[in-house]
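Enquirer: Before I ask anything, here is the structure I am working with.
The values are calculated or read from the model by the stated rules, or taken from the named source; none is laboratory data. Please read all numbers here as calculations on a predicted model, not as lab measurements. Methodologically, a virtual Cβ is constructed for each residue, glycine included, from the backbone with ideal geometry; neighbour enumeration extends over all protein chains shown.
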Amino acid sequence: MPSLRHFSVQLGLACALVTLVGCDGDRVTLNPTPSANNTAKEYPPTGKTKTFEITISKFDWEVAPGAIYDAIGYNKTIPGPPIEVDAGDHVVIKLTNKDPDAPHSVHTHVVRFPVGSDGVMYGVAKPNETVTVEWDAVFAGSFPYHDHAGMGGETGGIRAGLFGPLIVHAPDEVKAVENVVMLSDFDVTRFKLLPGVGIGDAAPSDIGEYRGGHQYMHTIDGRAYPEWSPHFRAKVGDHVRWRVISIGQEFHTFHVHGHRWIGADGVMTDNINLGPGTYSTFEWLEDNPGDWLYHCHVPDHMEGGMMGLYTVTK
Amino acid sequence: MPSLRHFSVQLGLACALVTLVGCDGDRVTLNPTPSANNTAKEYPPTGKTKTFEITISKFDWEVAPGAIYDAIGYNKTIPGPPIEVDAGDHVVIKLTNKDPDAPHSVHTHVVRFPVGSDGVMYGVAKPNETVTVEWDAVFAGSFPYHDHAGMGGETGGIRAGLFGPLIVHAPDEVKAVENVVMLSDFDVTRFKLLPGVGIGDAAPSDIGEYRGGHQYMHTIDGRAYPEWSPHFRAKVGDHVRWRVISIGQEFHTFHVHGHRWIGADGVMTDNINLGPGTYSTFEWLEDNPGDWLYHCHVPDHMEGGMMGLYTVTK
Amino acid sequence: MPSLRHFSVQLGLACALVTLVGCDGDRVTLNPTPSANNTAKEYPPTGKTKTFEITISKFDWEVAPGAIYDAIGYNKTIPGPPIEVDAGDHVVIKLTNKDPDAPHSVHTHVVRFPVGSDGVMYGVAKPNETVTVEWDAVFAGSFPYHDHAGMGGETGGIRAGLFGPLIVHAPDEVKAVENVVMLSDFDVTRFKLLPGVGIGDAAPSDIGEYRGGHQYMHTIDGRAYPEWSPHFRAKVGDHVRWRVISIGQEFHTFHVHGHRWIGADGVMTDNINLGPGTYSTFEWLEDNPGDWLYHCHVPDHMEGGMMGLYTVTK
């Protein structure tokens, strides 16, 4: 195994060329870099309006090969489509509810909106109705949007799959490879088919090494286990930004192997706590090639599917 | 629905008049404002002593209409009475234990006290005994006080209702509308009557929309669901301070709709993680009228009662 | 009970002598002191290599008197031996796996290592094999090391006892009394004997005041309850540093009675949230004599054993 010091010397050659890195003698400090997102700043309006048309419906969602979920979601995908805008943009969402059985909405976090766009008492679409909600995305960051109206308030809709990411880019952020991660917990009673567990007429199938007691219950972007969850990729030298949003029933952590970052609060870490409905944006300048795991560090959740691969090439 | 931009222009008129707000061109940055509480500062003694007489007893506590809890509490209320002082005050608590069955105490957090006032091995009141404990409240903030002596150490007493808020005002804090929130988890085995669930001879009653599997188990200030939990109120232009203290069995988050704040750590958020015995003080200058939910974002806890209303009028 | 103010005056005499403390008039601000660990700084290489030989094996571990755990661990102890180095050191671990039944590894956090030392796909020791992994410990702090290869990925090995502390001293840190705390959760199915609970032919034994429903499941440094967990000790005037690392199945908090500290994020606290695989280093200048509890503030975890004593003498 080659020494890490040899590795550092190789990277040191890039010192004069890369403006984003600091030089400490003949060493390059590539990782971590402080976050480019000033989370405490309000940005002025851009004058631009971005409109998103989103439809809620019921569909089968494949959490992993053969694991079929009786889902309700935005635009037939879990998570829902990214609502990606620039800080200061005005956002208009035209939301159509094709679920015949319950009202639904789209509620979000941090950005400004009047109570009419809150998605609880106002801004709710009854079955076969379309409503419009509007947000002013004047704070940068990564936030969840989710149902807050149907099936026991917000909770039944989120369990069924009604959540997605709101991404607000800061004007001064570094252009980066962006990895959007939504941590969510699935409801065993909504599965139509679950590998390893017989449901109705379906016989149980075999389970693999990580398929523990919570199998297929904990997901990354609606998918479980590394062969099915997002396979993120970057190259050495890339600026890499992670947008991690937790939106399920449980408390999670988020850990990436072989890397570390400075949180907006100034603390160095490689594993952060995320309760339901919380979120974190962080970044680094990539310097460590290999196939790395990212996962929740709660053993049951990791065993249950909340893990994936991040591959860095030279 | 009116555009948010129209709303911003209206607020802009107040720019020259309101000293607390920043002006960004013709816009007013009302929300958030940085916390006025310097949480890392020790304040000098004021020379004042504030004395509180508190009695522990057993009583029936109505967690929600018809949900009757077999409680033990301070001064027959859950949470116990606010111990509200100025930073630097000396605090004397005369604690009388009228629970005939167990010793109890009053332990607190962050502020200074000698081991004799710790409420574990010293400062414990046996049944029908009165003890005196003393604290020097030289750090500002919002903290729990709670039993740490009876019924399995601290745990049985907290479950029964023996907790309350300690509020220490900083001398330099802005005068504000203050909302004190204690998040707590109730023990299903201590309920005498529980709506929707038959207990003993009592038949089950109907349950409402949010009454899920954890019904009446998770409370705000000892009360469950918006029709019974505190209905906080403010006006546009008010400085609003939240003192959120978690003191139960579970990890919670605390989310307020349509608002956001800068934590003491500098991170913008609208939803924070709070483990048992942790606490957070934050504030904003109110700018968003409407009826807003505040709640724990854990679905089971929200369904179980940990939610309430915050109404902002113009 | 003597007044706290008398206590402060006594400490005031030390003002001119102790360079670490601040003086506020005739008062001494002993506690808290800001952390000496700059968690966001990368330290240059020292040029030194420190080598550790670690063997994995199966053994009986006494979680508390009479509570016998069917353990797998590093060097026959739980937690494993401290890997204690100076920031900038190169670390070499020679890991021998004497568990005949499963592959195992040593994965760690924050410090730099190439993917060959990750302990997941590479750097894994099969039964009766020895592997070498190397880290560059260029970030100071307190981190877990743990198995990430055997028995359901990382999770079975951690449950069995395969975890330990990595301690990286910053060159500019104050010399201190150091208390290393690893919070872990034990698996009831791996106990061979459990006081109070009959297992196989063993009859249940008596249980004490704190032996609640989760008894012996939650531990400090592999041991449960104050008569068996580490009894930490310091003197007034000592600089005391805590290195708290959480590595089990559950979310915990860590609270020390009668004290408080400023986290790396600048927030004053006496109780912090720690999810699985997270960690915190903090410190204070000791000023409060007595026998103090330290514990997780989750009632079930405290009742289950996650508590101990910290004694401060004058």
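Enquirer: For region A:90-140, which residues satisfy the criterion of being farther than 25 Å from A:LYS76 by Cα and touching a residue at least 60 places away in the same chain (Cβ under 8 Å)?
Expert: A:ASP136, A:VAL138, A:PHE139, A:ALA140
Enquirer: Could we say that B:PRO226 is on the phi < 0 side of the Ramachandran plot, touching a residue at least 60 places away in the same chain (Cβ under 8 Å) and more than 12 Å from chain A (Cβ to nearest Cβ) here? Give the steps one after another, and end with the answer.
Expert: Working: on the phi < 0 side of the Ramachandran plot: yes; touching a residue at least 60 places away in the same chain (Cβ under 8 Å): yes; more than 12 Å from chain A (Cβ to nearest Cβ): no.
So B:PRO226 fails the test.
Enquirer: Provide a single number: the residues in region A:236-257 that are in a loop (DSSP other than H, G, I, E, B) and out of contact with any Asp or Glu (no Cβ under 6 Å at 6 or more places or on another chain).
Expert: To start, the set of residues in region A:236-257 that are in a loop (DSSP other than H, G, I, E, B) comprises A:236-238, A:247-251, A:257.
In the following step, the residues that additionally are out of contact with any Asp or Glu (no Cβ under 6 Å at 6 or more places or on another chain) were identified as A:237, A:247, A:251.
Total satisfying the criteria: 3.
Enquirer: Restricting attention to strands (runs of 3 or more DSSP E) lying wholly within region B:269-314, give those where 1 or more residues are touching a Lys or Arg at 6+ places or on another chain (Cβ under 7 Å).
Expert: On the way: elements: B:271-274, B:279-285, B:290-295, B:307-313.
In region B:269-314, the matching strands (runs of 3 or more DSSP E) lie at B:279-285, B:307-313.
Enquirer: Another question about this same structure. So, of the residues in region C:99-119 that are acidic (Asp, Glu) and within 17 Å of C:ALA160 (Cα to Cα), which turns out to be farthest from the chain's Cα centre (by Cα)?
Expert: Residues of region C:99-119 that are acidic (Asp, Glu), as a first pass: C:99, C:101, C:118.
With within 17 Å of C:ALA160 (Cα to Cα) added as a condition, the list becomes C:99, C:101.
Details: C:ASP99: 25, C:ASP101: 28 Å.
Residue satisfying both the conditions and the ranking: C:ASP101.
Enquirer: Could you look through region B:107-136, keep only residues that are acidic (Asp, Glu) and crowded, with 19+ Cβ neighbours inside 10 Å, and pick out the one that is nearest to C:THR313 (Cα to Cα)? Let's see the steps before the verdict.
Expert: Of region B:107-136, the ones acidic (Asp, Glu) are B:118, B:129, B:134, B:136.
Filter again for crowded, with 19+ Cβ neighbours inside 10 Å, leaving B:118, B:134, B:136.
Working: B:ASP118: 16, B:GLU134: 21, B:ASP136: 21 Å.
If we take residues in region B:107-136 being acidic (Asp, Glu) and crowded, with 19+ Cβ neighbours inside 10 Å, then B:ASP118 is nearest to C:THR313 (Cα to Cα).
Enquirer: Report, by residue number, each residue of region C:287-306 that is of a type in the set (Gly, Ala, Ser) and at the interface with another protein chain (Cβ under 7 Å from one of its Cβ atoms).
Expert: Matches in region C:287-306: C:GLY290 only.
Enquirer: Checking C:ASP86 against (1) modelled with pLDDT of 95 or more; (2) over 19 Å from the mean Cα position of the chain (by Cα); (3) closer than 29 Å to C:ARG223 by Cα, only one condition comes out false. Which one?
Expert: (2)
Enquirer: Is it true that B:ASN288 is under 28 Å from C:HIS255 (Cα atoms) and at pLDDT 95 or above?
Expert: On the way: under 28 Å from C:HIS255 (Cα atoms): no; at pLDDT 95 or above: yes.
Taking the combined requirement at face value, the residue does not satisfy it.
Enquirer: Specify the residue that is surrounded by the most Cβ atoms within 10 Å (Cβ to Cβ); the eligible residues are those in region B:158-173 that are within 30 Å of B:GLU42 (Cα to Cα) and of a type in the set (Gly, Ala, Ser). Spell out the reasoning first.
Expert: At the first step, the residues of region B:158-173 found to be within 30 Å of B:GLU42 (Cα to Cα) are B:158, B:162-173.
Filter once more, keeping what is of a type in the set (Gly, Ala, Ser): B:164, B:170.
Values: B:GLY164: 28, B:ALA170: 20.
Per the stated criteria, the residue is B:GLY164.
Enquirer: Another one. For region C:70-91, what are the residues that are of a type outside the set (S, T, N, Q) and not in a strand (DSSP E or B)? Can you show your working first?
Expert: Going residue by residue through region C:70-91, those that are of a type outside the set (S, T, N, Q) are C:70-74, C:76, C:78-91.
Matches in region C:70-91: C:LYS76, C:ILE78, C:PRO79, C:GLY80, C:PRO81, C:PRO82, C:ALA87, C:GLY88.
Enquirer: Among the candidates C:LEU274, C:LEU309, single out the residue that is surrounded by fewer than 24 Cβ atoms within 10 Å (Cβ to Cβ) and closer than 23 Å to C:GLY164 by Cβ.
Expert: On the way: C:LEU274 fails: surrounded by fewer than 24 Cβ atoms within 10 Å (Cβ to Cβ).
Answer to the selection: C:LEU309.
Enquirer: Now for a separate question. Do we have B:VAL133 as closer than 21 Å to B:THR278 by Cβ and β-branched (Val, Ile, Thr) here? Step through it out loud before you land on a result.
Expert: On the way: closer than 21 Å to B:THR278 by Cβ: no; β-branched (Val, Ile, Thr): yes.
Answer is no for this residue.
Enquirer: Related question: What's the number of the only condition in (1) surrounded by 20 or more Cβ atoms within 10 Å (Cβ to Cβ); (2) touching a residue at least 24 places away in the same chain (Cβ under 8 Å); (3) within 14 Å of chain C (Cβ to nearest Cβ) that B:THR155 fails to meet?
Expert: For B:THR155, the exception is condition (2).
Enquirer: How many residues are under 18 Å from B:GLY141 (Cβ atoms) and at the interface with another protein chain (Cβ under 7 Å from one of its Cβ atoms) if we restrict to region C:237-268?
Expert: Count: 10.
Enquirer: Select from region B:221-236 the residues that are aliphatic (A, V, I, L, M) and farther than 14 Å from B:GLU62 by Cβ and write down the one among them that is surrounded by the fewest Cβ atoms within 10 Å (Cβ to Cβ).
Expert: B:VAL236
Quick grid of which residues meet (1) among the β-branched types (Val, Ile, Thr); (2) out of contact with any Pro (no Cβ under 8 Å at 6 or more places or on another chain); (3) crowded, with 18+ Cβ neighbours inside 10 Å; (4) under 30 Å from A:ASN271 (Cα atoms):
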{"residue": "A:PRO81", "(1), (2), (3), (4)": "no, yes, no, yes"}
{"residue": "A:ALA87", "(1), (2), (3), (4)": "no, no, yes, yes"}
{"residue": "A:LEU95", "(1), (2), (3), (4)": "no, yes, yes, no"}
{"residue": "A:SER105", "(1), (2), (3), (4)": "no, yes, yes, no"}
{"residue": "A:VAL138", "(1), (2), (3), (4)": "yes, no, yes, yes"}
{"residue": "A:GLY141", "(1), (2), (3), (4)": "no, yes, yes, yes"}
{"residue": "A:ALA149", "(1), (2), (3), (4)": "no, no, yes, no"}
{"residue": "A:LYS175", "(1), (2), (3), (4)": "no, yes, no, yes"}
{"residue": "A:SER184", "(1), (2), (3), (4)": "no, no, yes, yes"}
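Enquirer: Given the conditions (1) crowded, with 24+ Cβ neighbours inside 10 Å; (2) in contact with a Ser or Thr (Cβ under 6 Å, 6 or more places away or on another chain), and given that A:TRP261 satisfies all but one, which numbered condition is not satisfied?
Expert: (2)
Enquirer: Within region B:271-286, how many residues turn out to be of a type in the set (Ser, Thr, Tyr) and more than 10 Å from chain C (Cβ to nearest Cβ)?
Expert: Of all residues in region B:271-286, those of a type in the set (Ser, Thr, Tyr) come to B:278-281.
Retained after the next criterion (residues that are more than 10 Å from chain C (Cβ to nearest Cβ)): B:281.
Matching residues across region B:271-286 total 1.
For (1) assigned to a strand (DSSP E or B); (2) at pLDDT 95 or above; (3) charged (D, E, K, R), each residue gets a yes or a no:
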site: C:ASP60; (1), (2), (3): yes, yes, yes
site: C:ILE68; (1), (2), (3): yes, no, no
site: C:LEU95; (1), (2), (3): yes, yes, no
site: C:TYR122; (1), (2), (3): no, no, no
site: C:PRO144; (1), (2), (3): yes, yes, no
site: C:PRO165; (1), (2), (3): yes, yes, no
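Enquirer: Pick out the one residue from B:HIS297, B:HIS259, B:HIS255, B:HIS231 that is under 17 Å from B:VAL177 (Cβ atoms), under 17 Å from the mean Cα position of the chain (by Cα) and at pLDDT 95 or above. Before you say what the answer is, go through the steps one by one.
Expert: Values: B:HIS297 fails: under 17 Å from B:VAL177 (Cβ atoms); B:HIS259 fails: under 17 Å from the mean Cα position of the chain (by Cα); B:HIS255 fails: under 17 Å from B:VAL177 (Cβ atoms).
Only one candidate passes the filter, namely B:HIS231.
Enquirer: Say whether the condition of being modelled with pLDDT of 95 or more and more than 26 Å from A:PRO276 (Cβ to Cβ) is met by at least one residue in region A:105-116.
Expert: No, because not a single residue in region A:105-116 is modelled with pLDDT of 95 or more and more than 26 Å from A:PRO276 (Cβ to Cβ).
Enquirer: A follow-up question, please. Could we say that A:VAL240 is aliphatic (A, V, I, L, M) and either within 21 Å of C:LEU274 (Cα to Cα) or touching a Cys at 6+ places or on another chain (Cβ under 9 Å) (or both) here? Before you say what the answer is, go through the steps one by one.
Expert: On the way: aliphatic (A, V, I, L, M): yes; either within 21 Å of C:LEU274 (Cα to Cα) or touching a Cys at 6+ places or on another chain (Cβ under 9 Å) (or both): no.
No: the conditions fail for A:VAL240.
Enquirer: Filter region A:111-152 for residues that are of a type in the set (A, V, I, L, M), within 7 Å of chain B (Cβ to nearest Cβ) and more than 16 Å from A:VAL92 (Cα to Cα) and give the result. Step through it out loud before you land on a result.
Expert: Quick first cut of region A:111-152, residues of a type in the set (A, V, I, L, M) only: A:111, A:115, A:120-121, A:124-125, A:131, A:133, A:137-138, A:140, A:149, A:151.
Subset that is within 7 Å of chain B (Cβ to nearest Cβ): A:115, A:120-121.
Selection gives A:VAL120, A:MET121.
Enquirer: Another question, if that's okay. Identify all residues within region B:102-159 that are in contact with a Phe, Trp or Tyr (Cβ under 9 Å, 6 or more places away or on another chain) and among the acidic types (Asp, Glu); write none if there are none.
Expert: Once the filter is applied, which keeps residues that are in contact with a Phe, Trp or Tyr (Cβ under 9 Å, 6 or more places away or on another chain) and among the acidic types (Asp, Glu), region B:102-159 yields B:ASP118, B:GLU134, B:ASP136, B:ASP147.
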